[in-house]
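The block underneath contains the structure these notes are about, expressed in structure tokens.
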Amino acid sequence: MKQIQIVTVITFLFFSNFLFPCDCDSTPLIDQFIFSDFIASAKILKVTKDNKSNDYHNIEVEILDLYKGKNTTSLRIFSVLNSSCSFLTPENSTWLIFADYNKKGQLVFNYCSGAQQIDQRFNKEMFPNAHENHKRSIELQTQVLHYLKNQKLNLKNEYNLKVGVSSECLKQFRGVQIKNDRFALYEVTINKDLSIEKVHSIKNFDNLEIQEQLMKCLEDNVKVYNYRSILKIPKKTKIILPLYFYPPEKSHPGFISNFDL
């Protein structure tokens, strides 16, 4: 009986990779920019199996836009095709890639790295709004990435803190009109006890009518979301809080959010 139980456990563990989806933490775009070694839009030219490991594939790419890191023509994918985290970029497709250097100095990315296929196609009958929503999402992210690259801001989040503003505060801006860039950036100074010292505007939305009201909203409502239950940090720090505008869609008014959807 004991042997049967052991075999059952081993079998469950072996097949669990196929039964359960890959679990990835959701990383905000700003943190992806801070912590990634390489960010680019790239066309996948060639995909080949790695001769030394079945878990990897090598790809040759053409860089279309480089947002962070050094220009390159080759990356590695931790593809693990026989698992729930299997991931591979098809040849001739275009991707937004976030990658990191491994111990051998190779740029590697995987299922959980945040890569997105820019030219992804959707079934219009089953998902009529998917293409437009995906296009808007990619455009928003590349707007932010272009800005961060060009401004050369000294971004950091040394204590991996999360800040945000309440949805109740942002509710008052439903229906607002934003014409150009769909994001704004604010620098939040955090005290050692995790209280907010001040909020400073780096980049505003182009709607002048809401700037003062929005800043007041942030000053009164920004807080640290303390998921790790830490009580204090070693020293005062500054991190970036982004806000994103989502235009109206059918009967739904435009709105401002903490999240890059």
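The values are calculated or read from the model by the stated rules, or taken from the named source; none is laboratory data. As the structure is a prediction and not an experimental result, all values here were calculated from the model. So basically every Cβ, Gly included, is an ideal-geometry build from the backbone, and we count neighbours across all protein chains shown. Side chains are part of the model used for accessible areas, which takes the heavy atoms of the whole protein and leaves out ligands, DNA and RNA. Shrake-Rupley method; radii C 1.70, N 1.55, O 1.52, S 1.80 Å.
How large is the dipole of the chain about the Cα centre if only Lys and Arg carry +1 and Asp and Glu carry -1, each at its Cβ, rounded to the nearest 20 debye?
Once rounded to the nearest 20, the dipole reads 600 debye.
Output wanted: per-residue J couplings in Hz (rounded whole) for the range 28-35, from phi through Karplus 6.51 cos²θ - 1.76 cosθ + 1.60, θ = phi - 60°, x for Gly and Pro.
Ordered by residue, 3J(HN,Hα) equals x, 4, 4, 5, 4, 5, 5, 8 Hz.
Output the relative contact order of the chain, whole-number percent, from Cα pairs under 8 angstrom with separation of 6+ residues. Mind showing how you got there, number by number?
Values: 429 pairs, mean separation 39.3, N = 261.
Across the chain, relative contact order equals 15 percent.
Helix 2-19 against the longest principal axis of the chain: what's the angle in degrees, Cα atoms only, rounded to the nearest 10?
So the helix axis and the longest Cα principal axis differ by about 50 degrees.
Out of residues 5 or more away from ASP260 or on other chains, whose amide H comes under 5 Å of its own, with H placed 1.01 Å from N in the peptide plane?
LEU29
In whole Å, what is the distance between the alpha-carbon centres of the range 211-261 and the range 41-81?
Taking the Cα centre of each part, the range 211-261 and the range 41-81 sit 34 Å apart.
Step by step: find N for the range 115-202, compute 2.2 N^0.38 Å, then divide the Cα radius of gyration by it. What's the final number?
Output field value: 1.43.
Please determine, in degrees from 0 to 90 and to the nearest 10, the orientation of helix 208-221 with respect to the longest principal axis defined by the Cα atoms of the chain, where the helix direction is its Cα long axis.
70 degrees
Could you order ASP119, ASP25 by accessible surface area, starting with the largest, using a probe radius of 1.4 Å? Don't jump to the answer; show the numbers that get you there.
Details: ASP119 45, ASP25 135 Å².
Accessible-area ranking of ASP119, ASP25, largest first: ASP25, ASP119.
Loop-only GluC sites (Glu not before Pro) in the range 59-137, please: DSSP not H, G, I, E or B, and at most 14 other Cβ atoms within 10 Å.
GLU91, GLU125
Tell me the Kirkwood hydrodynamic radius of the range 208-251 in angstroms, computed as one over the mean inverse distance between distinct C-alpha pairs.
Mean inverse Cα-Cα distance, inverted, gives 14.0 Å.
By how many nm would the segment from MET126 to LYS149 lengthen if fully extended, with 0.36 nm per residue of separation less the alpha-carbon distance? If you can, show how the numbers build up before the last one.
Working: separation 23, 0.36 × 23 = 8.28 nm, distance 3.71 nm.
Full extension from MET126 to LYS149 adds 4.6 nm.
If one takes the longest principal axis of the Cα atoms in the chain, at what angle in degrees, from 0 to 90 and to the nearest 10, does the Cα axis of helix 130-151 lie?
Taking the Cα atoms of the chain, the angle to 130-151 is about 70 degrees.
Would you mind checking which residues have amide H under 5 Å from LYS68's amide H? H placed 1.01 Å from N; only 5 or more apart, or other chain.
Amide H to amide H, under 5 Å and 5 or more residues apart or across chains, LYS68 pairs with ILE39.
Return the Cα extents of the range 100-162 along principal axes one, two and three, sorted largest first, each rounded to a whole Å.
Computed over the Cα atoms, the extents are 45, 30, 24 Å.
Per DSSP H run of n ≥ 4, the term is -39500 (n - 2.57); total these for the chain, divide by its residue number, and report the mean residue ellipticity at 222 nm rounded to 500 deg cm²/dmol.
On the way: 5 runs with 65 residues, N = 261.
Helices in the chain give a 222 nm mean residue ellipticity of -8000 deg cm²/dmol.
If you roll a 1.4 Å probe over the heavy atoms of the protein chains, what accessible area per residue do you get for the range 183-261, in Å²?
So the range 183-261 comes to 58 Å² accessible per residue, rounded to a whole number.
Nearest 0.05, what FRET efficiency do ASP220 and GLU158 give at R0 = 22 Å with Cβ-Cβ as r?
Working: r = 26 Å, r/R0 = 1.18.
Using R0 = 22 Å, I get an efficiency of 0.25.
Restricting to the range 18-129, compute how many DSSP beta bridges are antiparallel as a %, nearest 5.
Working: 25 of 28 bridges.
Taking every DSSP beta bridge with both residues in the range 18-129, the antiparallel ones total about 90 percent.
For the chain, what log10 I(q)/I(0) values come out of the Debye formula at q = 0.17 1/Å, with one point per alpha carbon and no solvent?
The Debye formula, applied to the Cα set alone, gives -1.36.
Alpha carbon centre of the range 138-168 versus the range 118-137: separation in Å?
The distance from the Cα centre of the range 138-168 to that of the range 118-137 comes to 25 Å.
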